[in-house]
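S.K.: The structure that follows is given in the form of structure tokens.
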Amino acid sequence: MRRVLIVDDSVSMRQMVGYTLRQGGYEVIEAEHGADALNKLTGGTVDLIITDLNMPVMDGITLIQNVRKQPAMKSKPILMLTTEGLVAKKEQGKAAGATGWIIKPFDPEKLLQTVAKVLP
Amino acid sequence: MHSGEVAKEGLGMDTELARYLPHISRMSAQLKETSTQIESSVVGVCDSFQGIAERAKSTVSRATGFLNINGDGASSKVSFEGLIQNCAGILVKILNTTEEAGEVSRRAIDRIHQMDEHSKMILKSLVNLEKIAQENKMLALNARIEAAHAGIHGAGFSVVAVEVASQTQRSLVVTAQVSGLIDNLRNLAGSAVEDLQQMNQQGSVRAEKSRREVDESLRDMQDAHGEMKQMLSSMTKDGALLANDIGAAVRGLQFQDRTSQQIAHIVEDLDTLHARLISRCGAVAASDTASEEGFSAYTMREERQIAGIHTAESAAGDIELF
């Protein structure tokens, strides 16, 4: 089963994304901010990361920059799931190594389609 | 206006502002609390949706397994459809066995009838034997008369004639006994035939009745199975609709994330404003001059706690009868 790490400081968002992915047949791991996500990644790799942008302790962009330094996670897809729609921010995410950018609120069906598309 | 008057007026404004400073921090705290409560509610709603979806999925899955509509044959349990077929097979076997028993008893009746015919033929032969014995008897009597006419020369002949008469009498007795036994046998066979015929008749009536009842029961079971299949199909469709509805609800509930972020931004602005005003009016800010305007509008315990008003009151959900 493919493993997906969801990173969001909002419990409800983690719950909604988690529910959608579990329904789609994925195993889900949750982290409440970037630093928590990096801790969870030390236990093993994941097939995909879906992260929020603005979070306490460590934001999404910093998380991506740190994740891309790990050899095992260099080519793994990372999707940003955020309310932020500024083109400049998107460019910043892309430069950090994000695979895609989804603006909240997400449509569960479309999220699953996107996940299927980015997972080889 | 003189500079002294301006300074005095500014101080007055600062004092007035300072009275309302606690309102800003209260607003900030109230907004944070509201955001927390909304998130908590949304999490609860999400939990409920997940529970509904899981239960619906589990119900459809169990019903499908029971009816084996999409059976892959991997399960060791017999499906409901299989049970109906097994039941029908067993009942047909029982009915066939009953019919076979009827056939066996019909053949037994035929054989008893054949035995009766043979008994009749034996009786006929016995009648012939009796007739021969009667003729022997007459012959022995005539022999004795002739022996008497012959005098001393016929004495030996007379002894033979008496012996023949005696033997004839004994054979007549045996013939009568055999005839009586055959009559008894025929009576018993007749009774057996009657019993078998009665049993056969009742058996075929019962078998026919059972067959009709079994057919009706099987039809009812098949109808019930068909209805269950339809119900399941409808449940599956409902399940798909439910999944769509939950998907829509998940999308709708994400308003909370956006709202929380907006509230967080307002709180940040309020906190900045509060800090700036504190730095300006801090010198005159004092709790004993703080305005208590707006407190009367607070109805919930959480609001009053944030405002620092501690009063005896009931918690949410408490019920009190007077």
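Values in this text are rule-based calculations from the coordinates and carry no lab data. Everything numeric in this text was worked out from a predicted model, so none of it was measured. Cβ coordinates were reconstructed from backbone atoms using ideal geometry, including for glycine residues, and neighbour counts include every protein chain displayed.
S.K.: Using just the helices of chain B, give the 222 nm mean residue ellipticity in deg cm²/dmol: DSSP H runs with n ≥ 4 each add -39,500 (n - 2.57), and the total is spread over all residues, rounded to 500.
M.R.: -31500 deg cm²/dmol
S.K.: Among B:Leu172, B:Leu91, B:Leu241, whose mean-square fluctuation peaks in a Gaussian network model of chain B (Cα, cutoff 10 Å)?
M.R.: Maximum fluctuation in the GNM of chain B, among the listed residues, is at B:Leu172.
S.K.: Which entries in A:Lys69/B:Lys57; A:Lys110/B:Lys237; A:Lys40/A:Lys94; A:Lys90/A:Lys117 show an alpha-carbon gap greater than 31 Å?
M.R.: Over 31 Å Cα-Cα: A:Lys69/B:Lys57.
S.K.: Among all the aspartates and glutamates, which ones have a C-alpha under 18 Å from B:Lys229's C-alpha, if same-chain residues fewer than 8 places away are not counted?
M.R.: Answer for B:Lys229, where 18 Å is the Cα cut-off: B:Asp72, B:Glu81, B:Asp220, B:Asp238, listed by chain and number.
S.K.: Sticking with this structure for a sec: Which is farthest toward the positive dipole end of the range B:80-250 among B:Leu241, B:Ile152, B:Thr97, measuring Cα position about the Cα centre, with Cβ charges +1 (Lys, Arg) and -1 (Asp, Glu)?
M.R.: About the Cα centre, the residue reaching furthest to the positive side is B:Ile152.
S.K.: For chain B, find the longest principal axis of its Cα atoms and tell me its angle to the long axis of helix B:155-253, 0 to 90°, nearest 10.
M.R.: Tilt of helix B:155-253: around 10 degrees.
S.K.: To the nearest 10 degrees, how steeply does helix B:3-67 sit against the main Cα axis of chain B, on a 0 to 90 scale?
M.R.: Computed tilt is about 10 degrees.
S.K.: From the square roots a ≥ b ≥ c of the eigenvalues of the alpha-carbon gyration tensor of chain A, which class results: rounded (a/c under 1.5), prolate (a/b over b/c), or oblate?
M.R.: It comes out rounded by the Cα gyration axes.
S.K.: Charges at C-beta only: +1 for Lys and Arg, -1 for Asp and Glu. How large is the resulting dipole of the range B:80-250 about its Cα centre, in Debye rounded to 20?
M.R.: 880 debye
S.K.: Convert each backbone phi in the range B:92-109 into a coupling constant with the Karplus relation 6.51 cos²θ - 1.76 cosθ + 1.60 (shift: θ = phi - 60°), then list the ³J(HN,Hα) values in order as whole Hz, x for Gly and Pro.
M.R.: Rounded to whole hertz, the list is 5, 4, 4, 5, 5, 4, 4, 5, 5, 4, x, 5, 4, 5, 5, 5, 4, 4.
S.K.: Excluding residues on the same chain fewer than 8 positions from A:Lys76, give the aspartates and glutamates whose Cα lies under 14 Å from its Cα.
M.R.: A:Lys76 reaches A:Asp47.
S.K.: Using the charge dipole of the range B:115-236 (Lys, Arg: +1 at Cβ; Asp, Glu: -1 at Cβ; taken about the Cα centre), state which of B:Ser166, B:Leu196, B:Ser179 has its Cα farthest towards the positive end.
M.R.: Positive-most Cα among the choices belongs to B:Ser166.
S.K.: Less than 21 Å apart at the alpha-carbon level, and either on another chain or at least 8 residues along: which lysines does that give for B:Lys120?
M.R.: Answer for B:Lys120, where 21 Å is the Cα cut-off: B:Lys131, listed by chain and number.
S.K.: Projected area of the protein assembly as shown, taken from the Cα convex hull and averaged over every viewing direction, in nm²?
M.R.: Details: hull surface 206.2 nm².
Averaging across all directions leaves 51.5 nm² for the Cα convex hull.
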